[in-house]
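The values are calculated or read from the model by the stated rules, or taken from the named source; none is laboratory data. Owing to the predicted nature of the structure, the values given are computational and were not obtained by experimental measurement. Keep in mind that these areas ignore ligands, DNA and RNA; they rest on the heavy atoms of the full protein, side chains included. Shrake-Rupley method; radii C 1.70, N 1.55, O 1.52, S 1.80 Å.
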Amino acid sequence: NSVGASSLMWSQTYGGVDDEIAYSLIKTSDGGYAIAGFTGAITAGNRQVWLVKTDSDGNEQWNQTYQNTWLDTAFSLVQTSDGGYALAGETKSFDVEGDLFLLIKTDVDGNMEWSQSFRESSVQTAYALVQTSDGGYAMAGYVWPSASKSADFLLVKTDTDGNVEWSQTYDGGLLEMAYSLVETSDGGYVIAGGSFDYTVMNSWLVKTDRFGNMEWNKTYAGENGDWEREIVLTSDGSFAIAGGGVLMKTDASGNMEWNQTFGGESTFSLVQASDGGFALAGCKQSIHTDSYDFWLTKTDANGNIEWNQTRGGENDERAYSLVKSSEGGYVLAGYTESFGAGKADFWLIKTDEYGNIPEFPSWIVLPLFLTATMVVAIYKKRLPKNNKQLSIILGD
(Lines give C-alpha, C1' and ligand atoms only; values in the text may rest on other atoms or scores of the structure.)
Protein backbone atom coordinates (compact mmCIF):
# COMPACT_ATOMS: atom_id res chain seq x y z
CA ASN A 1 0.00 0.00 0.00
CA SER A 2 1.42 3.34 -1.01
CA VAL A 3 1.46 6.42 1.17
CA GLY A 4 -1.42 8.74 0.44
CA ALA A 5 -3.54 6.00 -1.16
CA SER A 6 -5.85 5.91 1.85
CA SER A 7 -6.37 7.94 5.01
CA LEU A 8 -6.31 4.61 6.85
CA MET A 9 -2.51 4.58 6.56
CA TRP A 10 0.01 7.40 6.43
CA SER A 11 3.33 8.60 7.81
CA GLN A 12 4.46 12.14 8.66
CA THR A 13 7.61 13.71 10.09
CA TYR A 14 7.99 17.10 11.77
CA GLY A 15 11.19 18.91 12.65
CA GLY A 16 14.23 20.84 11.54
CA VAL A 17 17.99 20.63 11.81
CA ASP A 18 18.06 20.08 15.59
CA ASP A 19 16.71 17.14 17.58
CA GLU A 20 12.96 16.70 17.98
CA ILE A 21 11.83 13.84 20.24
CA ALA A 22 8.09 13.09 20.70
CA TYR A 23 7.14 11.44 23.98
CA SER A 24 3.36 11.87 24.15
CA LEU A 25 0.51 11.59 21.65
CA ILE A 26 -3.23 12.17 22.05
CA LYS A 27 -6.23 12.02 19.75
CA THR A 28 -7.93 15.43 19.88
CA SER A 29 -11.64 16.21 20.07
CA ASP A 30 -11.71 17.37 16.41
CA GLY A 31 -10.40 14.01 15.17
CA GLY A 32 -6.81 15.16 14.74
CA TYR A 33 -3.73 14.54 16.88
CA ALA A 34 -1.45 16.47 19.20
CA ILE A 35 2.15 15.47 19.90
CA ALA A 36 4.47 16.78 22.61
CA GLY A 37 8.14 16.44 23.43
CA PHE A 38 11.06 18.76 22.87
CA THR A 39 12.94 20.55 20.12
CA GLY A 40 16.44 21.99 20.17
CA ALA A 41 20.08 21.16 20.65
CA ILE A 42 20.61 19.68 24.10
CA THR A 43 24.33 20.48 24.19
CA ALA A 44 23.66 24.15 23.37
CA GLY A 45 21.23 24.50 26.26
CA ASN A 46 18.24 25.59 24.17
CA ARG A 47 15.94 22.60 24.47
CA GLN A 48 12.30 23.73 24.44
CA VAL A 49 8.97 22.01 24.96
CA TRP A 50 7.37 21.48 21.53
CA LEU A 51 3.67 20.90 20.82
CA VAL A 52 2.50 19.97 17.30
CA LYS A 53 -1.18 19.83 16.28
CA THR A 54 -2.26 17.93 13.15
CA ASP A 55 -5.46 17.15 11.32
CA SER A 56 -6.81 13.59 10.99
CA ASP A 57 -4.32 12.83 8.18
CA GLY A 58 -1.29 14.04 10.11
CA ASN A 59 -0.97 17.34 8.25
CA GLU A 60 0.46 19.96 10.59
CA GLN A 61 -2.02 22.70 11.53
CA TRP A 62 0.21 24.58 13.97
CA ASN A 63 3.11 24.13 16.36
CA GLN A 64 4.17 25.97 19.49
CA THR A 65 7.37 26.06 21.52
CA TYR A 66 7.61 26.85 25.23
CA GLN A 67 10.82 27.58 27.10
CA ASN A 68 10.47 28.03 30.82
CA THR A 69 14.15 28.41 31.65
CA TRP A 70 16.91 26.36 30.04
CA LEU A 71 16.46 22.67 29.18
CA ASP A 72 12.75 21.80 29.08
CA THR A 73 10.97 18.61 28.02
CA ALA A 74 7.31 17.49 27.97
CA PHE A 75 6.81 13.81 28.72
CA SER A 76 3.02 13.79 28.99
CA LEU A 77 0.14 15.60 27.28
CA VAL A 78 -3.63 15.78 27.79
CA GLN A 79 -6.42 17.74 26.13
CA THR A 80 -8.22 19.68 28.83
CA SER A 81 -11.95 20.04 29.37
CA ASP A 82 -11.94 23.52 27.79
CA GLY A 83 -10.37 22.22 24.57
CA GLY A 84 -6.86 23.43 25.39
CA TYR A 85 -3.85 21.36 26.37
CA ALA A 86 -1.79 20.62 29.46
CA LEU A 87 1.79 19.36 29.28
CA ALA A 88 3.94 17.97 32.08
CA GLY A 89 7.65 17.23 32.22
CA GLU A 90 10.80 18.76 33.57
CA THR A 91 12.67 22.05 33.47
CA LYS A 92 16.25 22.91 34.31
CA SER A 93 16.88 26.41 35.59
CA PHE A 94 19.99 28.55 35.14
CA ASP A 95 19.97 29.71 38.75
CA VAL A 96 18.76 26.55 40.53
CA GLU A 97 20.68 23.29 40.49
CA GLY A 98 18.72 20.21 39.45
CA ASP A 99 15.36 19.54 37.77
CA LEU A 100 11.85 20.72 38.57
CA PHE A 101 8.38 19.42 37.72
CA LEU A 102 6.99 21.50 34.86
CA LEU A 103 3.27 22.02 34.08
CA ILE A 104 2.10 24.13 31.12
CA LYS A 105 -1.50 25.04 30.24
CA THR A 106 -2.45 26.33 26.77
CA ASP A 107 -5.59 27.40 24.94
CA VAL A 108 -7.06 25.45 22.02
CA ASP A 109 -4.49 26.96 19.62
CA GLY A 110 -1.52 26.11 21.81
CA ASN A 111 -0.99 29.64 23.16
CA MET A 112 0.38 29.44 26.69
CA GLU A 113 -2.05 30.54 29.39
CA TRP A 114 0.22 29.76 32.33
CA SER A 115 3.11 27.57 33.44
CA GLN A 116 4.08 26.31 36.87
CA SER A 117 7.22 24.61 38.17
CA PHE A 118 7.51 22.67 41.43
CA ARG A 119 10.39 21.76 43.67
CA GLU A 120 10.38 19.03 46.29
CA SER A 121 14.11 18.41 46.07
CA SER A 122 17.08 19.02 43.83
CA VAL A 123 16.12 16.36 41.25
CA GLN A 124 12.61 15.52 40.12
CA THR A 125 10.80 14.79 36.87
CA ALA A 126 7.12 14.41 35.93
CA TYR A 127 6.53 11.54 33.51
CA ALA A 128 2.71 11.20 33.74
CA LEU A 129 -0.19 13.66 33.79
CA VAL A 130 -3.98 13.44 34.10
CA GLN A 131 -6.65 16.09 34.37
CA THR A 132 -8.56 15.13 37.48
CA SER A 133 -12.32 14.88 37.93
CA ASP A 134 -12.36 18.22 39.81
CA GLY A 135 -10.68 20.04 36.91
CA GLY A 136 -7.22 20.13 38.46
CA TYR A 137 -4.17 18.08 37.53
CA ALA A 138 -2.20 15.17 38.96
CA MET A 139 1.39 14.42 37.97
CA ALA A 140 3.52 11.40 38.80
CA GLY A 141 7.26 10.91 38.48
CA TYR A 142 10.13 10.71 40.87
CA VAL A 143 12.02 12.79 43.41
CA TRP A 144 15.62 12.31 44.52
CA PRO A 145 15.68 13.79 48.03
CA SER A 146 19.45 13.82 48.62
CA ALA A 147 22.75 12.23 47.71
CA SER A 148 22.34 9.81 50.60
CA LYS A 149 18.72 8.86 49.75
CA SER A 150 17.59 7.10 46.57
CA ALA A 151 14.67 8.23 44.39
CA ASP A 152 11.01 7.78 45.39
CA PHE A 153 7.70 7.93 43.56
CA LEU A 154 6.31 11.49 43.64
CA LEU A 155 2.65 12.40 43.15
CA VAL A 156 1.62 16.08 42.94
CA LYS A 157 -2.00 17.35 42.85
CA THR A 158 -2.83 20.89 41.70
CA ASP A 159 -5.93 23.02 41.30
CA THR A 160 -7.24 24.22 37.93
CA ASP A 161 -4.59 26.96 37.77
CA GLY A 162 -1.68 24.66 38.52
CA ASN A 163 -1.25 25.67 42.18
CA VAL A 164 -0.09 22.76 44.33
CA GLU A 165 -2.76 21.42 46.70
CA TRP A 166 -0.71 18.51 48.05
CA SER A 167 2.19 16.23 47.19
CA GLN A 168 3.09 12.74 48.40
CA THR A 169 6.18 10.55 48.09
CA TYR A 170 6.29 6.75 48.22
CA ASP A 171 9.36 4.77 49.23
CA GLY A 172 9.57 1.11 48.30
CA GLY A 173 12.96 0.60 49.93
CA LEU A 174 14.96 0.70 46.70
CA LEU A 175 15.20 3.31 43.92
CA GLU A 176 11.67 4.06 42.66
CA MET A 177 10.63 5.91 39.49
CA ALA A 178 6.99 6.35 38.43
CA TYR A 179 6.18 6.46 34.71
CA SER A 180 2.40 6.12 34.49
CA LEU A 181 -0.72 7.32 36.31
CA VAL A 182 -4.49 6.81 36.21
CA GLU A 183 -7.31 8.30 38.26
CA THR A 184 -9.65 5.61 39.59
CA SER A 185 -13.43 5.71 39.93
CA ASP A 186 -13.18 6.44 43.68
CA GLY A 187 -11.16 9.61 43.03
CA GLY A 188 -7.87 8.01 44.01
CA TYR A 189 -4.86 7.19 41.86
CA VAL A 190 -2.84 4.20 40.71
CA ILE A 191 0.84 4.78 39.87
CA ALA A 192 3.06 2.33 37.99
CA GLY A 193 6.81 2.29 37.69
CA GLY A 194 9.96 0.54 38.84
CA SER A 195 11.62 -0.32 42.12
CA PHE A 196 15.21 -1.38 41.59
CA ASP A 197 18.87 -1.29 42.53
CA TYR A 198 21.98 -2.80 40.96
CA THR A 199 20.82 -6.38 41.61
CA VAL A 200 16.99 -6.21 41.74
CA MET A 201 14.63 -4.92 39.03
CA ASN A 202 10.97 -5.01 40.09
CA SER A 203 7.76 -3.43 38.89
CA TRP A 204 5.88 -1.45 41.54
CA LEU A 205 2.20 -0.50 41.65
CA VAL A 206 0.86 2.00 44.22
CA LYS A 207 -2.83 2.74 44.92
CA THR A 208 -3.77 5.92 46.80
CA ASP A 209 -6.90 7.66 48.02
CA ARG A 210 -7.98 11.05 46.62
CA PHE A 211 -5.44 12.83 48.87
CA GLY A 212 -2.53 10.65 47.83
CA ASN A 213 -2.45 8.50 50.96
CA MET A 214 -1.25 5.00 50.09
CA GLU A 215 -3.96 2.34 50.34
CA TRP A 216 -1.97 -0.58 48.97
CA ASN A 217 1.07 -1.41 46.88
CA LYS A 218 2.15 -4.44 44.88
CA THR A 219 5.60 -5.59 43.80
CA TYR A 220 6.13 -7.82 40.77
CA ALA A 221 9.43 -9.53 40.08
CA GLY A 222 11.07 -8.05 37.01
CA GLU A 223 11.85 -9.92 33.80
CA ASN A 224 15.02 -9.26 31.83
CA GLY A 225 15.80 -6.08 33.74
CA ASP A 226 12.48 -4.44 32.81
CA TRP A 227 9.91 -2.50 34.78
CA GLU A 228 6.45 -1.19 34.05
CA ARG A 229 6.10 2.09 32.12
CA GLU A 230 2.41 2.19 31.17
CA ILE A 231 -0.82 1.38 33.00
CA VAL A 232 -4.38 1.45 31.66
CA LEU A 233 -7.75 0.90 33.28
CA THR A 234 -9.35 -2.04 31.49
CA SER A 235 -13.00 -2.40 30.54
CA ASP A 236 -13.61 -4.71 33.53
CA GLY A 237 -12.28 -2.16 36.06
CA SER A 238 -8.93 -3.82 36.59
CA PHE A 239 -5.45 -2.90 35.29
CA ALA A 240 -3.16 -3.82 32.44
CA ILE A 241 0.49 -2.85 32.80
CA ALA A 242 3.30 -3.00 30.28
CA GLY A 243 6.97 -2.19 30.23
CA GLY A 244 10.19 -3.54 28.81
CA GLY A 245 9.13 -6.80 27.22
CA VAL A 246 6.35 -7.66 29.66
CA LEU A 247 2.55 -7.31 29.65
CA MET A 248 0.62 -8.16 32.79
CA LYS A 249 -3.02 -8.09 33.84
CA THR A 250 -4.15 -7.61 37.44
CA ASP A 251 -7.48 -7.46 39.21
CA ALA A 252 -8.81 -4.22 40.73
CA SER A 253 -6.66 -4.77 43.84
CA GLY A 254 -3.43 -5.26 41.92
CA ASN A 255 -3.29 -9.05 42.26
CA MET A 256 -1.71 -10.52 39.14
CA GLU A 257 -4.00 -12.59 36.93
CA TRP A 258 -1.49 -13.34 34.17
CA ASN A 259 1.66 -12.03 32.53
CA GLN A 260 3.29 -12.49 29.17
CA THR A 261 6.92 -11.89 28.20
CA PHE A 262 8.11 -10.81 24.76
CA GLY A 263 11.69 -11.20 23.64
CA GLY A 264 13.91 -8.28 22.72
CA GLU A 265 11.32 -5.50 22.71
CA SER A 266 11.03 -2.37 24.84
CA THR A 267 7.45 -1.25 25.52
CA PHE A 268 6.65 2.40 26.16
CA SER A 269 2.91 2.61 25.47
CA LEU A 270 -0.18 0.45 25.86
CA VAL A 271 -3.87 0.64 24.89
CA GLN A 272 -6.75 -1.79 25.22
CA ALA A 273 -8.04 -2.79 21.80
CA SER A 274 -11.73 -2.74 20.88
CA ASP A 275 -11.87 -6.57 20.98
CA GLY A 276 -10.61 -6.69 24.59
CA GLY A 277 -7.02 -7.46 23.63
CA PHE A 278 -4.09 -5.06 23.88
CA ALA A 279 -1.80 -3.14 21.58
CA LEU A 280 1.74 -2.28 22.69
CA ALA A 281 4.22 0.09 21.06
CA GLY A 282 7.91 0.71 21.60
CA CYS A 283 11.08 -0.29 19.84
CA LYS A 284 12.95 -3.40 18.82
CA GLN A 285 16.54 -3.83 17.67
CA SER A 286 16.76 -3.94 13.90
CA ILE A 287 17.78 -7.23 12.32
CA HIS A 288 19.84 -5.30 9.77
CA THR A 289 21.72 -2.77 11.92
CA ASP A 290 22.58 -1.99 15.53
CA SER A 291 19.83 0.64 15.62
CA TYR A 292 16.21 0.32 16.78
CA ASP A 293 12.92 0.29 14.84
CA PHE A 294 9.34 1.22 15.69
CA TRP A 295 7.62 -1.84 17.15
CA LEU A 296 3.86 -2.51 17.39
CA THR A 297 2.22 -5.71 18.55
CA LYS A 298 -1.36 -6.84 19.12
CA THR A 299 -2.43 -9.47 21.65
CA ASP A 300 -5.67 -11.19 22.52
CA ALA A 301 -7.41 -10.63 25.87
CA ASN A 302 -5.00 -13.05 27.56
CA GLY A 303 -1.85 -11.41 26.24
CA ASN A 304 -1.12 -13.95 23.51
CA ILE A 305 0.50 -12.31 20.48
CA GLU A 306 -1.70 -12.11 17.38
CA TRP A 307 0.70 -10.11 15.19
CA ASN A 308 3.90 -8.05 15.27
CA GLN A 309 5.05 -5.17 13.09
CA THR A 310 8.35 -3.28 12.96
CA ARG A 311 9.33 -0.36 10.75
CA GLY A 312 12.44 1.76 10.48
CA GLY A 313 15.45 2.76 8.43
CA GLU A 314 19.21 2.60 8.81
CA ASN A 315 19.24 4.70 12.00
CA ASP A 316 17.28 4.83 15.25
CA GLU A 317 13.47 4.96 15.37
CA ARG A 318 11.60 4.63 18.65
CA ALA A 319 7.85 4.79 19.35
CA TYR A 320 7.01 6.32 22.72
CA SER A 321 3.23 6.80 22.51
CA LEU A 322 0.25 4.97 21.02
CA VAL A 323 -3.47 5.70 20.54
CA LYS A 324 -6.32 3.93 18.75
CA SER A 325 -7.64 5.53 15.57
CA SER A 326 -11.33 5.99 14.80
CA GLU A 327 -11.07 3.50 11.93
CA GLY A 328 -9.84 0.67 14.14
CA GLY A 329 -6.13 1.01 13.48
CA TYR A 330 -3.38 2.62 15.56
CA VAL A 331 -1.38 5.82 15.61
CA LEU A 332 2.19 5.85 16.95
CA ALA A 333 4.44 8.78 17.79
CA GLY A 334 8.13 8.89 18.58
CA TYR A 335 11.18 9.89 16.61
CA THR A 336 13.08 8.94 13.48
CA GLU A 337 16.72 9.51 12.61
CA SER A 338 16.37 7.94 9.16
CA PHE A 339 13.57 9.83 7.43
CA GLY A 340 13.40 13.38 8.78
CA ALA A 341 14.97 16.75 8.01
CA GLY A 342 18.06 16.15 10.15
CA LYS A 343 19.15 14.44 13.37
CA ALA A 344 15.98 13.21 15.12
CA ASP A 345 12.48 14.36 14.09
CA PHE A 346 8.99 13.72 15.41
CA TRP A 347 7.56 10.70 13.56
CA LEU A 348 3.82 10.07 13.44
CA ILE A 349 2.48 6.90 11.80
CA LYS A 350 -1.10 5.73 11.28
CA THR A 351 -1.62 2.01 10.66
CA ASP A 352 -4.57 -0.15 9.72
CA GLU A 353 -6.09 -2.62 12.18
CA TYR A 354 -3.28 -5.11 11.53
CA GLY A 355 -0.48 -2.62 12.07
CA ASN A 356 0.39 -2.26 8.40
CA ILE A 357 2.46 0.86 7.88
CA PRO A 358 3.35 2.79 4.70
CA GLU A 359 6.70 2.02 3.11
CA PHE A 360 7.74 5.67 2.90
CA PRO A 361 7.01 8.64 5.15
CA SER A 362 4.96 11.24 3.27
CA TRP A 363 7.79 13.77 3.18
CA ILE A 364 9.82 11.43 0.96
CA VAL A 365 7.06 10.24 -1.35
CA LEU A 366 6.55 13.59 -3.05
CA PRO A 367 10.24 14.11 -3.88
CA LEU A 368 10.47 10.52 -5.12
CA PHE A 369 7.37 10.97 -7.24
CA LEU A 370 8.59 14.25 -8.70
CA THR A 371 12.04 12.79 -9.36
CA ALA A 372 10.52 9.75 -11.08
CA THR A 373 8.23 11.98 -13.16
CA MET A 374 11.13 14.17 -14.24
CA VAL A 375 13.26 11.12 -15.12
CA VAL A 376 10.41 9.63 -17.15
CA ALA A 377 9.83 12.90 -19.01
CA ILE A 378 13.52 13.46 -19.78
CA TYR A 379 14.20 9.86 -20.69
CA LYS A 380 11.12 9.57 -22.90
CA LYS A 381 12.21 12.66 -24.78
CA ARG A 382 15.51 10.94 -25.59
CA LEU A 383 14.07 7.52 -26.42
CA PRO A 384 13.83 6.36 -30.05
CA LYS A 385 10.26 6.48 -31.30
CA ASN A 386 10.10 2.70 -31.51
CA ASN A 387 10.93 2.33 -27.78
CA LYS A 388 7.60 2.62 -26.00
CA GLN A 389 8.34 1.02 -22.63
CA LEU A 390 10.01 2.40 -19.55
CA SER A 391 9.86 0.93 -16.08
CA ILE A 392 10.91 2.61 -12.86
CA ILE A 393 11.01 0.61 -9.69
CA LEU A 394 11.11 2.29 -6.33
CA GLY A 395 12.29 -0.08 -3.60
CA ASP A 396 13.39 0.06 0.01
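Given a 1.4 Å probe and the protein chains as shown, ASP30 ends up with an accessible area of around 100 Å². Per-residue SASA remark: TYR354, around 130 Å² accessible (1.4 Å probe; ligands, DNA and RNA not included).
Based on the alpha-carbon gyration tensor of the range 77-188 and its eigenvalue square roots a ≥ b ≥ c, which shape applies: rounded if a/c is under 1.5, prolate if not and a/b is larger than b/c, or oblate? Taking the square roots of the gyration eigenvalues as a ≥ b ≥ c, the range 77-188 is oblate.
Relative to the globular-protein estimate of 2.2 N^0.38 Å, the Cα radius of gyration of the range 135-178 stands at 1.27.
For the set PHE75, PHE262, the ranking by accessible area, highest first and with no ligand, DNA or RNA atoms included, is PHE75, PHE262 under a 1.4 Å probe.
Averaging 1/r over each pair of different alpha-carbon atoms in the range 252-340 and inverting the result gives 13.8 Å, the Kirkwood hydrodynamic radius. Computed from the alpha carbon atoms alone, the convex hull of the range 194-278 holds 103 Å³ per residue.
How are the C-alpha pair distances of the range 154-243 spread across 10 Å bins, as whole percents from the shortest bin up? Spelled out bin by bin, the range 154-243 gives 17, 48, 28, 7, 0 percent. Computed with every protein chain present, the accessible area of MET256 is close to 80 Å² [probe 1.4 Å]. What pairs from LYS27/LYS53; LYS149/LYS207; LYS207/LYS249; LYS298/LYS343 go past 19 Å between their alpha carbons? Long pairs (Cα-Cα over 19 Å): LYS149/LYS207; LYS298/LYS343.
Can you sort ARG119, ARG47, ARG210 by 1.4 Å-probe accessible area, starting with the largest?
Reading off the accessible areas and sorting them downward yields ARG210, ARG119, ARG47.
Extents of the range 291-330, largest first, come to 33, 24, 14 Å (Cα atoms, principal axes, whole angstrom).
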